[in-house]
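Comments concern the structure below.
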Amino acid sequence: PEPAETGTSFAENALIKARASAKASGIVALADDSGLCVTALGGAPGVYTADWAERQPFEGPPGRDWYLAMGKVEGKLAELGPDADRSARFVCVLALAWPEGEEATFEGSVAGHLTWPPRGKLGFGYDPVFVPEGSDLTFAEIEPARKHAISHRAEAFARLVAALPE
């Protein structure tokens, strides 16, 4: 069964999932936790990134609505005024857990800023509002192979691979 993500950091939640999988399977397990951290919002939505996309009963059928989540972020930035800091970063933490108790984590991030309105049809989640540093395109406008090469997940996996023995 999927464990409850009760951690208050990406690393804690990734480890919760990896530990549960390692215990249930009896083999080494890999899990991740990731999200969007917005500077002006004190790092929110952060570890609660997916929760911001959960529909409330009055918002429609249960499930995740990423346009709703992007609108919530934009609404909070709008409340701060036109000079709000729109810098943000995506974070990914990979966790490895062994059934014997050994653990390791690997973090990756990509910095950028938020734009409004959403642009692009590629990607998922907050990709249509996130512009990585050095680009004019949102993650949802960047070809998947290029996005995957510069993403927070790519950096986390590169760190994991670098830590593996030859």
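For region 3-104, treating each Cα as an identical point scatterer without solvent, what Debye log10 I(q)/I(0) comes out at q = 0.14, 0.20, 0.23 1/Å? Taking Cα atoms of region 3-104 as identical point scatterers yields -0.64, -0.97, -1.10.
With all protein chains kept in place, the per residue accessible area of the chain amounts to 55 square angstrom at a probe of 1.4 angstrom.
Shown in residue order for region 137-148 are the 3J(HN,Hα) couplings computed by the Karplus curve 6.51 cos²θ - 1.76 cosθ + 1.60 at θ = phi - 60°: 9, 6, 4, 7, 9, 8, 3, x, 4, 5, 4, 5 Hz (x for Gly and Pro).
Membrane-span-like helices in the chain (whole DSSP H runs, Cα extent of at least 27 Å along the helix axis, mean Kyte-Doolittle hydropathy of at least -0.5): none found.
Under the simplified labelling scheme, the residue 28-residue 100 pair shows an inter-label distance of 1.1 nm, with each label point 7 Å from Cα along Cα→Cβ. Comparing 145, 11, 156 in a Gaussian network model of the chain (Cα springs below 10 Å), the most mobile by mean-square fluctuation is 145.
With no solvent and one point on each alpha carbon, what is the Debye value of log10 I(q)/I(0) for region 45-85 at q = 0.14 Å⁻¹? Taking Cα atoms of region 45-85 as identical point scatterers yields -0.35.
With a Förster radius of 22 Å applied to the beta-carbon distance between residue 72 and residue 135, the computed FRET efficiency rounds to 0.35. Size descriptor for region 84-132, Kirkwood hydrodynamic radius: 13.0 Å (Cα pairs only, one decimal).
Take the Cα pairs of region 54-145, get the Kirkwood Rh, then feed it into Stokes-Einstein at 37 °C and 0.692 mPa s and tell me D in µm²/s.
Details: Rh = 15.3 Å.
Stokes-Einstein gives a translational diffusion coefficient of 214 µm²/s.
Counting other Cβ atoms within 10 Å, which chymotrypsin sites (Phe, Trp or Tyr not before Pro) in region 116-155 have at most 14 and lie in a DSSP loop? Before the final figure, lay out the partial values.
On the way: sites: 124, 126, 130, 139; in loops: 124, 126, 139.
Here the chymotrypsin sites (Phe, Trp or Tyr not before Pro) that fit, given the DSSP loop and packing criteria, are 124.
In region 93-166, the C-alpha radius of gyration followed by the widest Cα-Cα span (Dmax) gives 15.1, 48 angstrom.
Expressed as a whole percent, the accessible surface of the chain that belongs to carbon and sulfur atoms is 56, based on a 1.4 Å probe.
Cross-link partners of residue 76 among lysines, defined as those whose alpha carbon lies under 25 angstrom from its own and excluding same-chain residues fewer than eight positions apart: 121.
The values are calculated or read from the model by the stated rules, or taken from the named source; none is laboratory data. All of these numbers come straight from a predicted model, not from anything done at the bench. Glycine gets a Cβ as well: all are built from the backbone with ideal geometry, and neighbour counts include every protein chain shown. Each accessible area value is taken on the protein alone, full model and side chains, heavy atoms only, with ligands, DNA and RNA left out. Shrake-Rupley method; radii C 1.70, N 1.55, O 1.52, S 1.80 Å.
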